[in-house]
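Worksheet: the structure to be examined is printed underneath.
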Amino acid sequence: MEASTAADAAAQTTAEPVFTLELNQDQKDMRDWVHGFAQNVMRPAASEWDEKESTPWPIIQEAAKIGLYGFEGLAQFFADPTGLTMPIVNEELFWGDAGIGMAIMGTGLAVAAIIGQGTGEQIGEWIPRCFGTESDLKVAAFCASEPNAGSDVSNIRTRAKFDEATNEWVLNGQKAWATNGGISDVHVVIASVDPELGSRGHAAFVVPMSECKGISQGAKVSKHGLRASHTADVYLDDARIPANNVLGGKEKLDERLARVREGKRAKSQAAMQTFEASRPTVGAQAIGIARAAYEYALEYAKEREQFGRKIIENQSIAFALADMKTEIDCARLLVWRASWMGRTGQTFENAEGSMSKLKAGEVATWATERAIHILGGNGYTREYPVERWHRDAKIYTLFEGTSEIQRIVIARAISGIHIR
């Protein structure tokens, strides 16, 4: 008995630990592969496309050639059972450049909506069309926000009415701030089917631009940051689409709306379901920007001399860099936790997805500002990349839920009270 107990104890001490933060070899290989593309392809072109303020199709083409852009690549990133490959890939891409990174990954939001809410048949039909082929690249757009409905998705005014005579949905309204809006074939549009139900009366519709005459691009937005990523308004003017273009199917939608009208709780809201799933990934993008700024500022401080010594030898500079590194690592751990929870089906009881996006966005804006300060006057010029990273970072406290909205979500989750 004693010998057996000792053997069991020895086996337990040599067994692989249940908990580890060590990436496996596949994750490391993926990280290094994407980092190489970010360093060798994206960074040299970043300033040029930022100045152009146009979609970097040649870079997307290069990404498609190596399998970085396309459904197969996205499926591979998502297939990781730990949930970590997706944030790892996004961090490296946005370390390379956030504008180009968004041009490559912006299609993913529409894809997330289709996968999260669509039927198997819809997934098979529409996901390939989101990306096109290597010789005929496409992008896709997720259209939720409107001029008067940003954080307040319940105020969406775009309407979807069903025409029984033609078995079609008819959509009317204006969408705002749509990534890839108007240049996409596939647009996933959030519209209200029953305005009296507020956000519970919303549904997601696939509107293919090549087949629908009633959809058009409005004004292209000239942005503070992420300038290589196309953003525009989208107009829907009696846009007619087949009945089965509502994600999940019309029958399921009718059943859901009937439950809501009877006072029963709806399982999900079309826009918020997509945003909740994507928030940790968005957080990883912000971390990539913050890390780029930190690494650049660190190297600069180790080389820059003032008053006869390297500026990193000044405690104020060294402490700022120490704080930047600490905050970035904290944010990454929150993103990884939320990504793991989402992938393994854990419940976000304390709004862990919102926590990750909140922390990462705040860290990115703060860290990039610190980097500018460390570079001094150089940091304020376009000859150095930190001012671009600062411009790119700011959106991460605004889109997919402002920092204030994230705090409301977290506060409601931890208190059980409907905080306003």
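The values are calculated or read from the model by the stated rules, or taken from the named source; none is laboratory data. Since the structure is predicted, the reported quantities are computational estimates derived from the model, not experimental observations. Neighbour counts run over all protein chains shown; Cβ positions are idealised from the backbone, glycine included.
Laid out as a table, the results:
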| item | result |
| --- | --- |
| Residues satisfying the stated conditions in the stretch 95-109, i.e. of a type in the set (Gly, Ala, Ser) and either part of a helix (DSSP H, G or I) or at pLDDT below 95 (or both) | Gly96, Ala98, Gly99, Gly101, Ala103, Gly108 |
| Pairs where the first residue, in the stretch 390-404, is closer than 15 Å to Asn90 by Cβ and the second is assigned to a helix (DSSP H, G or I) and aliphatic (A, V, I, L, M), C-beta under 6 Å, 6+ apart | Asp392/Ala98; Asp392/Ile289; Ala393/Ile289; Ala393/Ala364; Tyr396/Ala286; Tyr396/Ala364; Glu400/Val282 |
| Residue list for the stretch 320-340, filter: in contact with a Gly (Cβ under 7 Å, 6 or more places away or on another chain) and among the aromatic types (Phe, Trp, Tyr) | Trp340 |
| Of all residues in the stretch 203-235 being at pLDDT 95 or above and either assigned by TED's automatic domain parsing to the domain that holds Ala103 or among the basic types (Lys, Arg) (or both), the one that is farthest from the chain's Cα centre (by Cα) | Lys220 |
| Subset of the stretch 322-334 [more than 14 Å from Ile289 (Cα to Cα) and either surrounded by 21 or more Cβ atoms within 10 Å (Cβ to Cβ) or not hydrophobic (A, V, I, L, M, F, W, C) (or both)] | Asp323, Thr326, Leu334 |
| Hey, Glu251 surrounded by fewer than 17 Cβ atoms within 10 Å (Cβ to Cβ), modelled with pLDDT of 90 or more and over 30 Å from Ala364 (Cα atoms) or not | yes |
| Residue match in the stretch 270-277 (condition: modelled with pLDDT of 65 or more and either in the same structural domain as Ile190 (by TED's automatic domain parsing) or surrounded by 20 or more Cβ atoms within 10 Å (Cβ to Cβ) (or both)) | no |
| Test: Gly361 is surrounded by 15 or more Cβ atoms within 10 Å (Cβ to Cβ), outside any helix (DSSP H, G or I), in contact with a Phe, Trp or Tyr (Cβ under 7 Å, 6 or more places away or on another chain) and in contact (Cβ under 8 Å) with a residue 12 or more places away in the chain | no |
| Any hit, the stretch 138-159, residues being in a loop (DSSP other than H, G, I, E, B), more than 20 Å from Thr179 (Cα to Cα) and not acidic (Asp, Glu) | no |
| Inter-residue pairs, beta-carbon under 7 Å, first crowded, with 24+ Cβ neighbours inside 10 Å and in the stretch 97-119, second of a type in the set (D, E, K, R) and not in a helix (DSSP H, G or I), 6+ apart | Gly99/Arg227 |
| Test result for Arg388, closer than 25 Å to Leu226 by Cβ and crowded, with 23+ Cβ neighbours inside 10 Å | yes |
| Residue among Glu92, Glu121 that alone is in contact with a His (Cβ under 7 Å, 6 or more places away or on another chain) and assigned to a helix (DSSP H, G or I) | Glu92 |
| Residue within the stretch 194-202 that is exposed (fewer than 15 other Cβ atoms within 10 Å of the Cβ), of a type outside the set (Phe, Trp, Tyr) and not assigned by TED's automatic domain parsing to the domain that holds Ala113 present | yes |
| Scope the stretch 288-306; condition of a type in the set (Gly, Ala, Ser), over 12 Å from Met324 (Cα atoms) and over 20 Å from the mean Cα position of the chain (by Cα); matching residues | Ala301 |
| Residue, nearest to the chain's Cα centre (by Cα), within the stretch 241-260, restricted to residues that are over 17 Å from Glu211 (Cβ atoms) and of a type in the set (A, V, I, L, M, F, W, C) | Leu253 |
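Here is a yes/no grid of residues against (1) farther than 19 Å from Ala219 by Cβ; (2) touching a strand residue (DSSP E or B) at 6+ places or on another chain (Cβ under 6 Å); (3) surrounded by fewer than 21 Cβ atoms within 10 Å (Cβ to Cβ):
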{"position": "Cys143", "(1), (2), (3)": "no, yes, no"}
{"position": "Gly150", "(1), (2), (3)": "no, no, yes"}
{"position": "Thr158", "(1), (2), (3)": "no, yes, no"}
{"position": "Gln174", "(1), (2), (3)": "no, yes, yes"}
{"position": "Asn180", "(1), (2), (3)": "no, yes, no"}
{"position": "Val186", "(1), (2), (3)": "yes, yes, no"}
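So that you can scan it fast, the table gives a plain yes or no per residue for (1) part of a strand (DSSP E or B); (2) touching a residue at least 60 places away in the same chain (Cβ under 8 Å); (3) closer than 21 Å to Cys130 by Cβ:
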site	(1), (2), (3)
Ile190	yes, yes, yes
Gln217	yes, no, yes
Ser222	no, yes, no
Arg227	no, yes, no
Gly248	no, yes, yes
